[in-house]
1. Considering only residues that are among the aromatic types (F, W, Y), more than 17 Å from R184 (Cα to Cα) and in contact with a helix residue (DSSP H, G or I) (Cβ under 6 Å, 6 or more places away or on another chain), which ones fall in the stretch 53-95?
2. Considering T83, T62, T92, T47, which residue is at pLDDT 95 or above and under 19 Å from L158 (Cα atoms)?
3. What do you reckon, is S31 modelled with pLDDT of 95 or more, assigned to a loop (DSSP other than H, G, I, E, B) and surrounded by fewer than 17 Cβ atoms within 10 Å (Cβ to Cβ)?
4. Within the stretch 176-185, track down each residue that is of a type in the set (A, V, I, L, M) and either assigned to a helix (DSSP H, G or I) or modelled with pLDDT of 95 or more (or both).
5. Given the condition outside any helix (DSSP H, G or I), modelled with pLDDT of 95 or more and among the hydroxyl-bearing types (S, T, Y), answer yes or no: does some residue in the stretch 186-203 qualify?
6. Taking W148 and the conditions (1) in contact (Cβ under 8 Å) with a residue 12 or more places away in the chain; (2) more than 18 Å from T42 (Cα to Cα), which numbered condition does it fall short on, given that it satisfies the others?
7. Give the stretch 149-169 a look and list any residue that's crowded, with 17+ Cβ neighbours inside 10 Å and under 13 Å from S188 (Cβ atoms), or say none.
8. Can you find, within the stretch 135-175, the residue that is farthest from P98 (Cα to Cα) among those that are part of a loop (DSSP other than H, G, I, E, B) and among the polar types (S, T, N, Q)?
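The values are calculated or read from the model by the stated rules, or taken from the named source; none is laboratory data. Since we're looking at a predicted model, the values are computed, not measured. When we count neighbours, we look across all protein chains shown, and the Cβ atoms used for this are built from the backbone with ideal geometry, even at glycine.
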Amino acid sequence: MRPAGGLNVADTESDEATRPPPPEAAIQTESRADAPEQPAKTLRFDTPQDLYAAMPQLAELTQHRPREGEEMRAFLYRLRSSTTPEEAVTFTAFAAQPRVAIWWAHDCLRIMADGMDADDLAMMERIAQWITTPTQALRHAMMRDALWAPRRSPVILLALAAGWSGGPVAPNDPVPVAPYRAPRSINSAVLSGLAQASLTRRSILLARFIDMAESVLRVY
């Protein structure tokens, strides 16, 4: 673990060894023994219209709505060019499957890691480990520590998203989690991190995040 303040923007862009691989490269769907493995879908739905219909909580967070027949990336581009480009972040958080969205958000936060303290840097490493090897034990441990964290930093919000990403949130808590909990926390993690950046950097960072989102929405 690096000391607080020891990780800067240059480090996050050049130190690829610490970056978790794209989940779509590792996630495989269940298949028969005699069938070839197929990559899992990285998006929850094929169209933004289906996404908004299935997850009305997304409509509560965005002003814009998809048009009839509009494709995922076309809607993302329209959000990007609107007067509220932050909605592209919100849309991506909901559109991608939870672990893929968390991987994207983790990459977003890595770019801003120069302001993180030691606890947040340690949690970033745990989230990266879970993205690569998603064990239930690690997810439960992150959820427990995030719930008891003294403050809800962007990294802690992302750890909570991992806890809500699927399956029970604790070994003794079988109650299913509403599907909007993880994407809403992912959205809060990225946007609150962006809000902590200096005014001169925010538009640059937002553009970078949406560039990264385009690659997520390119894979079906």
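1. Step one: filter the stretch 53-95 for residues among the aromatic types (F, W, Y), giving 75, 77, 91, 94.
From what's left, more than 17 Å from R184 (Cα to Cα): 75, 77.
The answer is F75, and nothing else.
2. Working: T83 fails: under 19 Å from L158 (Cα atoms); T62 fails: under 19 Å from L158 (Cα atoms); T47 fails: under 19 Å from L158 (Cα atoms).
Selected residue: T92, the only one of T83, T62, T92, T47 that is at pLDDT 95 or above and under 19 Å from L158 (Cα atoms).
3. Details: modelled with pLDDT of 95 or more: no; assigned to a loop (DSSP other than H, G, I, E, B): yes; surrounded by fewer than 17 Cβ atoms within 10 Å (Cβ to Cβ): yes.
Answer is no for this residue.
4. Keep residues of the stretch 176-185 that are of a type in the set (A, V, I, L, M), which gives 177-178, 182.
The answer is A182, and nothing else.
5. Looking for residues that are outside any helix (DSSP H, G or I), modelled with pLDDT of 95 or more and among the hydroxyl-bearing types (S, T, Y), one finds none in the stretch 186-203, hence no.
6. Of the numbered conditions (1) in contact (Cβ under 8 Å) with a residue 12 or more places away in the chain; (2) more than 18 Å from T42 (Cα to Cα), the odd one out for W148 is (1).
7. Result: S153, P154, V155, I156, L157, L158, A159, L160, A161, W164.
8. Residues of the stretch 135-175 part of a loop (DSSP other than H, G, I, E, B): 135, 148-153, 164-169, 171-172, 174-175.
Filter once more, keeping what is among the polar types (S, T, N, Q): 135, 153, 165, 172.
On the way: T135: 14, S153: 19, S165: 6, N172: 22 Å.
Among those that are part of a loop (DSSP other than H, G, I, E, B) and among the polar types (S, T, N, Q), it is N172.
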